[in-house]
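**Student:** I'd like to ask some things about the structure below.
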Amino acid sequence: MLALRATLIASNEDRYRGAMGLFTPSIESLVDSGDLRGLVRRLDQKDKDHASQALVGVGAAAVPALIEALGTGRGKAATDVLAEIGVPALPLLVGLISGGDETKVVQAGGVIRSMRERDVSLPSEVVAPLVQITQDGQGVSERRRFAALNALGLLSYSDGGELPLPGQEEAPLRTLTGHTGWVNGCALSPDGSWIVSASGDQTLKVWDTASGECLRTLAGHTNWVFGCAVSPDGTWIVSAGGDRTLKVWDATSGTCLRTLHGHGSWVNGCAVSPDGTWIVSASGDRYLKVWDAASGDCLHTLDGHLNSATWCAVSADGTWILSASRDRDLKVWDAASGDCLRTLSDHTDRIEGCAISPDGRRVVSASWDKTVKVWDTQSWRVEG
């Protein structure tokens, strides 16, 4: 009796599965029959992951059906599949942004952006029409402009604004993520193979330029790290910290070689001489200090600013130092003696940065007065 009951139950289950098969075909049968719209409809079912994988496997042929699903309840799943398919989907997506269904263009831009984040390279025949859309002004809807900017990676979500268009500013090659605080400064190795960054998370990080991979983290400061510089031979790094110290690090191992003590406030910036024998630092105590790079001894204290020294730079021949300050002045110092050679006054607010041209004929300064000034070092006057 029990055996007969079991046989009847099994038989009923087989018939039930057979009947359900008439109404819910398998993913494999949908692929075999070429019913791609049916496959897309499965993106909101329990077997959606299986359907997604199948659609990616179909590739270019599945793109039209997936684009039809944009702007619907299956739109999010469809965008993920299109981004995975990649390059074969680009022409239809760009065509959609150019003149298709307005309800779908934003998602189309998001798909292309997702591709870029997966390192899909956009060919010129894709970039050109997208750029044209962003530059058409009143000739195109804001929805399409938004989608094109998003696709090109030129939309800033942080403030809701837009970054400059291609030709005005290039899109970044890669974004290096890993710091947990503000990134306050960075420097490039002499051969360009690695980058060092200084952060409010109290660390420096060394990054591979080509891949963007973090090679090592330099930990030792006990407050924000405000600036960093690399020796001319690329063997060591110097950092400026809110803990009132500078630290010298082995660039290969990340080991702290020495700590330089002497400033009475935050060290805001640092620079290295062209021959790598000395370091100069700028501090909130209003002084600059020149240090022997090998021993860490303080060679000179440069006294003249009336407020925090915010940044510093060294001339290419190593004979003079430039400093910026919150007292609104730049100062030029003799590197050997530490004497102040001249004071440059033209800004109307604090100066936060400065640099020297490689040939030493120009100095540039950046201020809170919303200006950048270029100075001729022959006359020491502002150009223009």
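**Student:** If I ask for residues that are among the hydrophobic types (A, V, I, L, M, F, W, C) and assigned to a loop (DSSP other than H, G, I, E, B), which ones from segment 61-99 would you list?
**Tutor:** If we filter segment 61-99 for residues that are among the hydrophobic types (A, V, I, L, M, F, W, C), which is where we start, we get 61-63, 65-67, 69-70, 77-78, 81-83, 85, 87, 89-90, 92-94, 96-97.
The answer is 70, and nothing else.
**Student:** Let me ask something additional. If a residue must be among the hydroxyl-bearing types (Ser, Thr, Tyr), within 33 Å of the chain's Cα centre (by Cα) and over 13 Å from residue 268 (Cβ atoms), how many such residues does segment 300-337 contain? Can you show your working first?
**Tutor:** Here is the first cut: in segment 300-337, the ones among the hydroxyl-bearing types (Ser, Thr, Tyr) are 301, 308, 310, 315, 319, 323, 325, 337.
Filter once more, keeping what is within 33 Å of the chain's Cα centre (by Cα): 308, 310, 315, 323, 325.
Filter once more, keeping what is over 13 Å from residue 268 (Cβ atoms): 315.
So the count comes out to 1.
**Student:** Kindly indicate the residue of segment 116-127 that is surrounded by 13 or more Cβ atoms within 10 Å (Cβ to Cβ) and not basic (Lys, Arg) and also nearest to the chain's Cα centre (by Cα) among those meeting that condition.
**Tutor:** My answer is 120.
**Student:** Pairs only if they're at least six apart or on different chains, beta carbon under 6 angstrom, first in segment 86-106 and within 18 Å of residue 73 (Cα to Cα), second β-branched (Val, Ile, Thr) and in a helix (DSSP H, G or I); list them, first residue then second.
**Tutor:** Final answer for the pair search is 105/97.
**Student:** Picking from 113, 143, 74, which residue would you name as being among the charged types (D, E, K, R) and either over 26 Å from residue 53 (Cα atoms) or surrounded by fewer than 17 Cβ atoms within 10 Å (Cβ to Cβ) (or both)?
**Tutor:** 143
**Student:** A further question follows. Taking the criterion of being surrounded by 15 or more Cβ atoms within 10 Å (Cβ to Cβ), more than 28 Å from the chain's Cα centre (by Cα) and in a helix (DSSP H, G or I), would at least one residue in segment 100-108 satisfy it? Break it down into steps so the answer makes sense when it comes.
**Tutor:** Kept after step one, since they are surrounded by 15 or more Cβ atoms within 10 Å (Cβ to Cβ), are these residues of segment 100-108: 100, 104-108.
Within this subset, residues satisfying the condition of being more than 28 Å from the chain's Cα centre (by Cα) are 100, 104.
Applying the additional criterion that residues be in a helix (DSSP H, G or I) yields none.
No, segment 100-108 contains no residue that is surrounded by 15 or more Cβ atoms within 10 Å (Cβ to Cβ), more than 28 Å from the chain's Cα centre (by Cα) and in a helix (DSSP H, G or I).
**Student:** Next question. Mind listing whichever residues of segment 136-152 are under 16 Å from residue 99 (Cβ atoms), free of Cβ contacts under 8 Å to residues at least 40 places away in the same chain and either of a type in the set (A, V, I, L, M) or part of a helix (DSSP H, G or I) (or both)?
**Tutor:** 139, 140, 142, 145
**Student:** Which residue pairs have Cβ atoms under 8 Å apart, sit 6 or more places apart or on different chains, and have a first residue in segment 32-60 that is on the phi > 0 side of the Ramachandran plot and in a helix (DSSP H, G or I) and a second that is aliphatic (A, V, I, L, M) and modelled with pLDDT of 80 or more?
**Tutor:** 59/85
**Student:** Is it the case that some residue within segment 226-241 is modelled with pLDDT of 95 or more, in contact with a Cys (Cβ under 7 Å, 6 or more places away or on another chain) and surrounded by fewer than 20 Cβ atoms within 10 Å (Cβ to Cβ)?
**Tutor:** No, segment 226-241 contains no residue that is modelled with pLDDT of 95 or more, in contact with a Cys (Cβ under 7 Å, 6 or more places away or on another chain) and surrounded by fewer than 20 Cβ atoms within 10 Å (Cβ to Cβ).
**Student:** In the same structural domain as residue 275 (by TED's automatic domain parsing), in contact (Cβ under 8 Å) with a residue 40 or more places away in the chain, over 21 Å from residue 281 (Cα atoms) and outside any strand (DSSP E or B): which single residue out of 359, 349 fits that description?
**Tutor:** Answer to the selection: 359.
**Student:** Related question: Has segment 244-258 got at least one residue that is closer than 21 Å to residue 296 by Cα, at pLDDT 95 or above, in a strand (DSSP E or B) and within 18 Å of the chain's Cα centre (by Cα)?
**Tutor:** First, pick out the residues of segment 244-258 that are closer than 21 Å to residue 296 by Cα: 244-258.
Adding the requirement that they be at pLDDT 95 or above leaves 244-258.
Imposing the further condition that a residue be in a strand (DSSP E or B) reduces the set to 245-250, 256-258.
From what's left, within 18 Å of the chain's Cα centre (by Cα): none.
No, segment 244-258 has no match at all.
**Student:** Moving to a separate point now. Is it the case, given these coordinates, that residue 348 is in contact with a Leu (Cβ under 9 Å, 6 or more places away or on another chain), surrounded by fewer than 17 Cβ atoms within 10 Å (Cβ to Cβ) and either closer than 19 Å to residue 310 by Cβ or modelled with pLDDT under 95 (or both)?
**Tutor:** No: the conditions fail for residue 348.
The values are calculated or read from the model by the stated rules, or taken from the named source; none is laboratory data. Everything quoted here is computed from the prediction, not taken from an experiment. Don't worry about glycine lacking a Cβ; one is built from the backbone with ideal geometry, like all the others, and counts go over all protein chains shown.
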